[in-house]
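Read through the structure below, which is laid out as structure tokens, and then see the notes.
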Amino acid sequence: MSASWCRLKTNYLKFGIKLFKLPCNRNNLIFYSDTRLRALCSICNHNHIQYIQTVDSRFNPIRERLLLLRQISSSVNQDVPKKITHFEQDEYKKYFYEGATETGSKKDVTGPLPPAYSPSYVEAAWYSWWVKQGYFSPEYQRTLVEDCKDRKEKFIVCLPPPNVTGSLHLGHALTNSIQDAIVRWKRMQGVETVWIPGCDHAGIATQVVVEKQLTRNQNKTRFDVGREKFLEEVWKWKNEKGERIYEQMKLLGSSLDWNRACFTMDKKLSEAVIESFVRLYDEGLIYRSNRLVNWSCALQSTISDIEVDNVPIEGKTLLKVPGYDNKVEFGILTSFAYPVEGGGEIIVSTTRLETMLGDVAIAVHPHDNRYKHLHGKYVIHPILGDRLPIICDDFVDTEFGTGAVKITPAHDYTDFEVGQRHSLLFKTVINNNGRMENSGSQFNGIKRFDCRKELGKLLAEKGLLKGSDNHSMSIPVCSRSKDVIEPILMDQWYVKCDEMAKKAVQVVQNKELKLIPTMYENIWYDYLENARDWCVSRQLWWGHRIPAYKARVINQKDTESEWIIARNESEAMSKAVEILGTSAQNIELQQDEDVLDTWFSSGIFPFSVHGWPDKTADLQKYYPTNLLETGSDIIFFWVARMVIMGLKLTNQLPFNEVLLHGLLRDSHGRKMSKSLGNVIDPIDVINGISLQDLQKKLDSSGLDQNEIKTAKAAQIKEFPSGISEAGADALRFNLCSFDFKAQEINMNIKHVKSNRHFCNKIWQAFKFVQIHLGKDYKPVESYTISDEIDQWILSRLNHMVESCDTHFKTYDLQNVTRALHGFWLNDFCDVYLECIKPVFSNSSMDTSPTKRTLYTCVDTFLRAASPFMPFLTEELYQRLHICNDNRAESVCIASYPNAGEISQRRQDLEEVMDVIKSVGSNILSVSNEFNIKVKKMNVIVLVDNDELLQKLKSDNFLRTLKVISKTNAIMLKNKRESLPDGCTTTNINNDVQVHCQLKDIIDPAVEVTKLKEKMKKVEIKLEKLTKSKKSRKYENSVIVKDDKKEELQQQIKTIQSRIKQIEDL
């Protein structure tokens, strides 16, 4: 009985909720009101629909007052709700908005706020209203500006198009949060903004997904159904599943102009791709050549470098490879001998023994004295018997291995260049299926890695195998199929990049294109100055089919076919007639089966989305764009190619600024990977998810059982209770709080929880303000603020606005969020709200200036925080202005605050308040340190500055000091006055000292012992840090800071000083 009463009393005191002995509607209890909120019952933890009603002020005036009544007779005219909604219990109460708002209509905010912040309640209904109102479209924005025809300032951003197959991951969420904050800020500044969403067809990824579905559902491959039917299946899948990622972006609150949403396979974008290819070919910038490519035997296609994962291994490692029943061994450096013609041998080493069947030479360094006698001689291939020349080339590293290198030009990128320099034979011995060919009857048709084993045995039998060693290396693995990449010679289409790359270098050197941060400039130069030609053909069916037609004269076997590049088959035939000199009836056309690299269509995205090559209205208005924000990992694969293509095809830069964010890693600094169990869906952070459901996702992830087991163990360790609901606003604010310009960003999901607490702090403070303003409050136009504390908070508000403006301009969003967080918590809640409570409790005081100050602070803060927290700020903005017609109808189109609309900075008042806050903090710190009630201490503040002393003694500042210090036992004295015995002393600055009288309150011996134990712990930490700094591990650490040592040393000095003070009591 006593325990139950204790719980009831806690709820009453904390929330102002009067609870009876029998809980909830299972025991005939209901909530009265017309507004419904769902929550967990605070007594029995069952789920119910609760009815709430705000009641009079006899309960706690700060919090929402809720009255719980017992239904004791049939005379009560309220029905007990029949509907019960169940959901998983969370550490937070969940409230859900259940108003009658239709999709696209404005949310009803006339009802009371829930007792605590709940994302499920706050984020409901707003987004569809924003979209329906057209707030995100430039057409709506132009209607708000009278001189729109003359306005020149625009801000255009293209969202990096995510894959149509994908769902949001935290990298997407980071990109969206950064871009949306910047776009919303610009829009609120009155700039005409366009943020264009798009989706990439993701050739390989989409084809793999649909092929797997085809196999699963029909037990067929794409070759079984044919190209036409397969593409029908892909489009069907795209139309059913492809919009999922857009819906997830809407959950994040991304203010994209959905009227301009596009897909890279849309008709207008596809026409732009074909036009680009034709124009580049006509200018001699696209050609066909036989070169090495990254070949995936599993996909039967070339893939781009970005789709290759270089997996590092340390020595012998067994990896699963598609098409092999058993795991394949990697990380072994095998050495074997080539017999030298005429006598002797030369030893070479390789990690890919099967490629020795394609060896065509042995290379040595021309100045290596060990092999000078072999210059110009030959070795005999130990398996095939071919004569292979010994060539000299200074690429050979004389310090590595034996200093002799086998050359396989058809299966190694370095060897390919050597083969070109020395005009060697290019011998392909591994075919597109990953089987051996041109390798002698003994090995032809054998799988490449099976051949590796057989070759080792055969060389051993011949006495030519000289040993094998563990070797650290990187294995190139296809990110889609997990196949080991095989370099293979193939005829492919290439874009010539050298001259275009030079222009891309020049625009950065000339400051026409700004890379942020500037550290990427040297990386940009290095890559583009050594740019290789770009292979743009892929052996896929899904994608933009290459507009190349092979034309040949019918029935003329000796006539060579010609490649014709044309926009369509009709144009191709016209060109073929002219080139081949015969009529169309005698010509056969066959379009290239290959499709273009996905990055080709992405490379023209900034202008193809606007209708290029047609001179559309959007192209003229909104191209070039202003800013590209994306991950630094695709600076070459996408950013550089957009610049190259934009300069060549439009004679303009596609954007003038590039903002690059670093690679998002987990809290331990590891790359996010499904197999590590650290990949988190941002929607799970927004809505919350149980550990059980997290692990269910792994079961359907496609990982093998060992990887799933490892990932589940990691999830249990990191998220033992699952992930709590945080909401979109808390996630966005958290992501923008990172210094995202750093090369790596370590993210701890638990930090999002602290930003959810911050949302609740905003919520609770707003409720306090709402209560004291009254629901009918209307701000007065002209007013005078004379109270120093009101002037101080307005000065701090001015500082916050200036900081936001300054750091938004430099895209240092982490400093903007810091300014917002610091003002609301440290200045507004911790100090100002506490200081004005006596004003509202004193009926004789005029509260009008304080009310106007409260209104100004909240209105300004909500507008300033809106780019980061669009849902929460909209919810509160609408309630703040419920009776104010002279304001914007939505916070997202309200004007962004500027310092000119707020009272000027008062540095003098801020200096005084800084002293007061420091004094108060010190008094509370001493109280906490010695575990004594602050009211038991006598506090003397000595001030050696007469002007400051007089200010501190003024009514407002003295009241504030007492409120912050939570004690009235404070005496302000000049330093010349005497002090009582038994005080600790703390210097606040050169003019101010705080003395807390502890004599006869504490036991000095006990406290000194505690402090010495504390100092010993700090000394141990310092000793460990000193040792770690000497280790190599410390040199690579991004966690340990050099200033940590100074911090620990300062702690020791502070403790030593405190010990001396206590010993002197």
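When the criteria are applied in full, Ile785 meets the requirement of being touching a helix residue (DSSP H, G or I) at 6+ places or on another chain (Cβ under 7 Å) and more than 26 Å from Ile686 (Cβ to Cβ). What residue, among those in the stretch 995-1026 that are in a helix (DSSP H, G or I) and basic (Lys, Arg), is nearest to Gln1056 (Cα to Cα)? Checking each candidate, the answer is Lys1012.
Residue-by-condition table, conditions (1) of a type outside the set (A, V, I, L, M); (2) touching a strand residue (DSSP E or B) at 6+ places or on another chain (Cβ under 9 Å); (3) surrounded by fewer than 16 Cβ atoms within 10 Å (Cβ to Cβ); (4) free of Cβ contacts under 8 Å to residues at least 40 places away in the same chain:
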| residue | (1), (2), (3), (4) |
| --- | --- |
| Leu773 | no, no, no, no |
| His807 | yes, no, no, yes |
| Met845 | no, no, yes, yes |
| Tyr855 | yes, no, no, no |
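Using the structure shown, decide if Phe655 is modelled with pLDDT of 95 or more, hydrophobic (A, V, I, L, M, F, W, C), crowded, with 24+ Cβ neighbours inside 10 Å and in a loop (DSSP other than H, G, I, E, B). Judged against the criteria, Phe655 is a match.
The set of residues in the stretch 202-235 that are surrounded by fewer than 12 Cβ atoms within 10 Å (Cβ to Cβ) and more than 17 Å from Glu593 (Cα to Cα) comprises Lys212, Arg216, Asn217, Gln218, Asn219, Thr221.
The set of residues in the stretch 634-691 that are among the β-branched types (Val, Ile, Thr) and under 30 Å from Val505 (Cβ atoms) comprises Ile634, Ile635, Val639, Val643, Ile644, Thr650, Val658. Can you name the residue in the stretch 125-164 that is crowded, with 19+ Cβ neighbours inside 10 Å and aliphatic (A, V, I, L, M) and, of all such residues, is modelled with the lowest pLDDT? In this case the residue turns out to be Val164. Scanning the stretch 339-381 for residues that are in contact with a Pro (Cβ under 9 Å, 6 or more places away or on another chain), among the charged types (D, E, K, R) and in a helix (DSSP H, G or I) yields one hit, Lys372. Across the stretch 311-324, not a single residue is classified as free of Cβ contacts under 8 Å to residues at least 24 places away in the same chain, within 25 Å of Lys453 (Cβ to Cβ), touching a Leu at 6+ places or on another chain (Cβ under 8 Å) and not assigned by TED's automatic domain parsing to the domain that holds Ala460. When Phe426, Phe416 are screened for being among the aromatic types (Phe, Trp, Tyr), assigned to a helix (DSSP H, G or I) and out of contact with any Cys (no Cβ under 8 Å at 6 or more places or on another chain), only Phe416 passes. Listed here are the strands (runs of 3 or more DSSP E) enclosed by the stretch 491-592 that have at least 3 residues being surrounded by 14 or more Cβ atoms within 10 Å (Cβ to Cβ), over 31 Å from the mean Cα position of the chain (by Cα) and of a type in the set (A, V, I, L, M): 548-553. The number of residues in the stretch 170-199 that are under 13 Å from Tyr246 (Cα atoms) and not β-branched (Val, Ile, Thr) comes to 6. Between Leu280, Leu252, the distinction of being surrounded by 15 or more Cβ atoms within 10 Å (Cβ to Cβ) and either assigned by TED's automatic domain parsing to the domain that holds Ile178 or touching a His at 6+ places or on another chain (Cβ under 9 Å) (or both) belongs to Leu252 only.
Of the residues Ala728, Ala713, Ala765, the single one that is surrounded by fewer than 15 Cβ atoms within 10 Å (Cβ to Cβ) and part of a helix (DSSP H, G or I) is Ala713. Across the stretch 744-762, the number of residues qualifying as surrounded by 18 or more Cβ atoms within 10 Å (Cβ to Cβ) and part of a loop (DSSP other than H, G, I, E, B) comes to 1. When we screen Ile182, Ile245, Ile178 for residues that are at pLDDT below 95, buried (at least 18 other Cβ atoms within 10 Å of the Cβ) and on the phi < 0 side of the Ramachandran plot, the only hit is Ile245. Among residues of the stretch 397-411 being in a loop (DSSP other than H, G, I, E, B) and surrounded by 20 or more Cβ atoms within 10 Å (Cβ to Cβ), the one that is nearest to the chain's Cα centre (by Cα) is His411. The one condition from (1) under 23 Å from Glu123 (Cβ atoms); (2) not in a helix (DSSP H, G or I) that Phe740 does not meet is (1).
Looking across Gly677, Gly688, Gly669, Gly646, one residue alone is among the small types (Gly, Ala, Ser) and closer than 30 Å to Glu275 by Cα. It is Gly646. For the stretch 777-790, the set of residues classified as within 15 Å of Leu854 (Cβ to Cβ) and assigned to a loop (DSSP other than H, G, I, E, B) consists of Tyr777, Lys778, Pro779, Val780, Tyr783, Ile785, Asp787, listed by residue number. Scanning the stretch 860-898 for residues that are assigned to a helix (DSSP H, G or I) and hydrophobic (A, V, I, L, M, F, W, C) gives Phe861, Leu862, Ala864, Ala865, Phe871, Leu872, Leu876, Leu880, Val891, Cys892, Ile893.
Checked against (1) closer than 29 Å to Asp393 by Cα; (2) among the aromatic types (Phe, Trp, Tyr); (3) part of a helix (DSSP H, G or I), Phe449 passes all but condition (1).
Apart from one condition, Gly315 fits all of (1) part of a loop (DSSP other than H, G, I, E, B); (2) under 30 Å from the mean Cα position of the chain (by Cα); the exception is (2). State all residues of the stretch 185-200 that are among the hydrophobic types (A, V, I, L, M, F, W, C) and either touching a Pro at 6+ places or on another chain (Cβ under 9 Å) or buried (at least 23 other Cβ atoms within 10 Å of the Cβ) (or both); if no residue qualifies, say none. Correct list: Trp185, Met188, Val194, Trp195, Ile196, Cys199. The set of residues from the stretch 160-199 being part of a helix (DSSP H, G or I), within 14 Å of Ala865 (Cα to Cα), in contact (Cβ under 8 Å) with a residue 40 or more places away in the chain and not hydrophobic (A, V, I, L, M, F, W, C) comprises Ser177, Asp180, Arg184, Arg187.
Of all residues in the stretch 792-850, those being in contact with a Cys (Cβ under 9 Å, 6 or more places away or on another chain) and under 23 Å from Leu627 (Cβ atoms) number 7.
The values are calculated or read from the model by the stated rules, or taken from the named source; none is laboratory data. Just so we're clear, the structure is a prediction, and the values are computed from it rather than from any experiment. Cβ: placed from backbone, ideal geometry, glycine included. Neighbour counts: every protein chain shown.
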